[in-house]
Amino acid sequence: MTKDMLLWDETIFRNGEVLELDYLPEYFAHRDSQMQALKFSLRPAMRGMRPVNCLVRGPPGTGKTTAVQKVFNEMKEHTENVVFAKINCQIDSTRFAVVSRIYEKLVNIKPPTSGVAFRKLFEKVLKQLVDSNKILVVALDDINYLFHEGHADEVMYSLLRAHEQYPGVKVSVIAIISDVGTSYNFDPRVGSVFLPEEINFPRYGPDEIRDIIRNRIQHAFFQNVVPDEVCERIVEYVSTTGDLRVGIDLLRRSGLNAERRASRTISIEDVEKAYDASRLIYLCRSIRSLSEHERTLLGLIAKGGDLQTGDLYKSFHELTGLGYTRFYEIIEKMNSSQFLDADFSGKGMRGRTRVIKARYAPQDILKCLE
Ligand SMILES: Nc1ncnc2c1ncn2[C@@H]1O[C@H](COP(=O)(O)OP(=O)(O)OP(=O)(O)O)[C@@H](O)[C@H]1O
Ligand SMILES: [Mg+2]
């Protein structure tokens, strides 16, 4: 056995936890101006005033969620009078779910899941805020998902007009949008009360990516596990996708690949092997958030190529037993998110038939559906 071989009870990971996707990094560089802007908007809350609303936007994996979480954590240490609620709209995608989550943050008890109307629960939240003289800051993270479900405007509207319903209440909203090529617009009625400070998170440049990745390597692995050329390859891959998550996932997977062959160092091949899975990280994350029926439909489209609506419906109905109305609703929803292109083809006997295509490579979709 050579000294390059890893013994069965040894590991190359110093601290693998820092490569988990929900890990909140201590080192968070290259986002100073965005952090400043966030703090500046929220600062009035420290003096008992309603904070400025914010619209945070940028491509996937550019540090939006991390920045907001870090600012929340920092401010929490300095005030008792502000309630910070970060809502993951991928999980809580209805008005009721959002308000339940806020209620939970406020009183530390989960509200009943049934038998309560949204209005009632919302009023409880507002009353509690006024009685305790607290200010509420709500971050709607990945608000894209509220748009997909058609709930974005009503959620925003309820929160932003809360003071009309309950005088004295102070609520501000941070809407976080992940830019994936779909444009999301609020209803003008929401726009006129939202009036946000816009904070943009552009893609990181290669030097910034290198710096962040290097720092993560230092924390995650023992010394000399990741040669420079391997680090460079990862930086290249992150640069092409612009998503830092791909880089962090690549580090984790290529590290595991190296361990599997009992190597003390990660090789370029370990990275190449890992990239096949890591590059799909965003797609897989989005697909995981779909309902079972939506996933079924996406699978049919990926397998079938360019399908006419009628044929697609037939297969869908056979698998799920669902009727045309529900089928059509799902198509509409997935068309407004980033999954489908449902184009009118101009053909067809009655009216115009739609051809439905997936926006991602079918084999990638099928891989994520596995
Ligand atoms: N400046 C940075 N320094 C260190 N790590 C970073 C930085 N920016 C992002 N990351 C890391 O990259 C990953 C993605 O960041 P984050 O989740 O904040 O992105 P996001 O902009 O919210 O993406 P999405 O739009 O997909 O939700 C996280 O694991 C985070 O730790
Ligand atoms: Mg995010």
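Measure off 7 Å from each Cα along the Cα-to-Cβ vector at K105 and R214, then give the distance between these two points in nanometres to one decimal.
Calculated label separation equals 3.7 nm.
Spin-label point model (7 Å from Cα, Cβ direction): what's the K367 to Y166 distance in nm?
4.8
Given H placed on each backbone N at 1.01 Å, which residues far from R161 in sequence or on other chains put an amide H within less than 5 Å of it?
Amide H neighbours of R161: none.
Only Cα pairs within less than 10 Å get springs; with that Gaussian network setup on the chain, which residue of K39, K64, K110 has the largest fluctuation?
K110
Given a Förster distance of 35 angstrom, what is the FRET efficiency for E10 paired with D207, based on the Cβ-Cβ distance and rounded to 0.05? Spell out each step's value before the answer.
Values: r = 34 Å, r/R0 = 0.96.
Given R0 = 35 Å and the Cβ-Cβ separation, E is 0.55.
Based on the alpha-carbon gyration tensor of the chain, what equivalent-ellipsoid semi-axes (square roots of 5 times the eigenvalues) come out, in whole Å, largest first?
Its equivalent ellipsoid spans semi-axes of 37, 33, 18 Å.
Can you give me the long-range amide H partners of F221? Hydrogens built in the peptide plane at 1.01 Å from N, cutoff under 5 Å, separation of 5 or more residues or another chain.
Sorted by chain and number, the residues that satisfy this are R14, N15.
Kindly point out, ordered by number, any Cys in the chain whose beta-carbon has no other cysteine beta-carbon under 4.7 Å away.
C54, C89, C231
Using a Förster radius of 35 Å, what is the FRET efficiency between Q223 and C284 based on their Cβ-Cβ separation? Nearest 0.05, please.
My answer for the efficiency is 0.65.
Got the relative contact order for the chain handy, in percent, Cα pairs under 8 Å and 6 or more residues apart?
Normalised by residue count, the contact order of the chain is 20 percent.
Using the count of nearby Cβ atoms within 10 Å as a rough guide to exposure, how do E259, E26 rank from fewest to most? The partial results should precede the final answer.
On the way: E259 18, E26 9.
The order, fewest Cβ neighbours first, is E26, E259.
What does the extension gain come out to for D341 and F40, with contour length at 0.36 nm per residue minus their alpha carbon separation?
This chain segment gains 104.3 nm when fully extended.
Could you state the number of Å between the C-alpha centres of region 64-103 and region 314-336?
Using only Cα atoms, the two centres lie 34 Å from each other.
Listing Y103, Y23 from the residue with the fewest other Cβ atoms within 10 Å to the one with the most, what is the order?
Y23, Y103
If we count every other residue with Cβ under 12 angstrom of F147's Cβ, Lys/Arg +1 and Asp/Glu -1, where does the sum land?
Cβ neighbours under 12 Å give a net charge of -4.
Give the calculated FRET efficiency between E74 and R359 to the nearest 0.05, with a Förster radius of 45 Å applied to their Cβ-Cβ distance.
That gives a FRET efficiency of 0.75.
Using a cut-off of 12 Å between beta-carbons, work out the net charge of the residues near L24 (Lys and Arg +1, Asp and Glu -1, L24 not included).
So the surrounding residues net to -3.
On a C-alpha basis, how far is the centre of region 152-177 from the centre of region 19-58 in Å? Whole number, if you could?
If you average the Cα positions of each part, the centres end up 19 Å apart.
Each value in this text was obtained by applying a stated rule to the coordinates, not by laboratory testing. All values reported here derive from a predicted model rather than from experimental measurement. FYI the Cβ positions are ideal-geometry reconstructions off the backbone, even for glycines, and counts take in every protein chain you see.
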